Amino acid sequence: PLLAGADHTTSGITAQMLAGAAISAFNLVCIHTTTQEIVVADASAYATARAIGIAPAAISDTATGTVLLHGFVRDDTYNWTTGATLYLSETAGALTETAPTTDGAFVQAVGIALEPDVVYINPSMDVIEHA
């Protein structure tokens with residue numbers, strides 16, 4: 001009920017951004033600290049642990065693509081627990097219901113599951129290093 005019935009539907013605040021690497025559809029992205037381009041976010045390293053949004057479609061390296069900064073994503077392959085907080089994963093680009101627990105990993109809430117296949121993306125700028 002929150003989005004159109006079609007799989008891979010998104011709505012919200014978007015921006016066109018230049019990719020500094022190949023990005024797959026539905027990967028969380030961050031800003032590269034040197035090139036200022038978007039790259040795949042990953043909770044395993046400080047440089048990639050600041051997700052700013054999610055790519056609704058694949059973006060080729062050096063191409064400009066859409067990033068959903070704040071809004072809704074539907075993907076029928078998702079199977080989230082409704083109401084679960086979603087975090088940036090230690091698997092590059094992925095969402096997870098489990099906050100990273102590896103020493104040196106970074107914990108960032110990036111959204112909430114509204115339904116098993118619908119996510120509200122709203123990345124927190126609060127990032128905590130797990131020790």
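Scanning region 66-80 for residues that are open to solvent by 60 Å² or more (accessible area, probe 1.4 Å) and either within 14 Å of the chain's Cα centre (by Cα) or closer than 25 Å to ILE31 by Cα (or both) yields HIS70, PHE72. Taken over region 88-105, residues that are open to solvent by less than 20 Å² (accessible area, probe 1.4 Å) and either under 14 Å from CYS30 (Cα atoms) or at pLDDT below 95 (or both) amount to 3. When VAL110 is tested against (1) touching a strand residue (DSSP E or B) at 6+ places or on another chain (Cβ under 9 Å); (2) surrounded by fewer than 17 Cβ atoms within 10 Å (Cβ to Cβ), exactly one condition is not met: (2). Scanning region 1-40 for residues that are over 22 Å from ALA109 (Cα atoms), modelled with pLDDT of 90 or more and of a type in the set (Gly, Ala, Ser) returns ALA19, GLY20, ALA21, ALA22.
Of all residues in region 18-38, one or more are among the small types (Gly, Ala, Ser), in a strand (DSSP E or B) and in contact with a strand residue (DSSP E or B) (Cβ under 7 Å, 6 or more places away or on another chain). The conditions of being within 13 Å of the chain's Cα centre (by Cα) and at positive phi are not met by GLY83.
When ALA25, ALA41 are checked against the criterion of being under 11 Å from the mean Cα position of the chain (by Cα) and crowded, with 19+ Cβ neighbours inside 10 Å, a single residue qualifies: ALA41. Among the residues of region 47-65, those identified as touching a residue at least 24 places away in the same chain (Cβ under 8 Å), surrounded by fewer than 16 Cβ atoms within 10 Å (Cβ to Cβ) and either under 23 Å from VAL107 (Cα atoms) or not aliphatic (A, V, I, L, M) (or both) are SER60, ASP61, THR62, THR64. Checking region 7-20 against the condition returns a match, with at least one residue being more than 12 Å from PRO123 (Cβ to Cβ), buried (at least 20 other Cβ atoms within 10 Å of the Cβ) and within 14 Å of the chain's Cα centre (by Cα). Only one of the numbered conditions (1) closer than 20 Å to THR9 by Cα; (2) more than 12 Å from the chain's Cα centre (by Cα); (3) among the small types (Gly, Ala, Ser) is not met by ALA47, and that is (1).
The values are calculated or read from the model by the stated rules, or taken from the named source; none is laboratory data. Keep in mind that this is a model prediction, so the values were computed, not measured. Note that each Cβ is placed from the backbone with ideal geometry, even for glycine, and that neighbours are counted across all protein chains shown. Heads up: the accessible areas ignore ligands, DNA and RNA and are worked out on the full protein's heavy atoms, side chains in. Shrake-Rupley method; radii C 1.70, N 1.55, O 1.52, S 1.80 Å.
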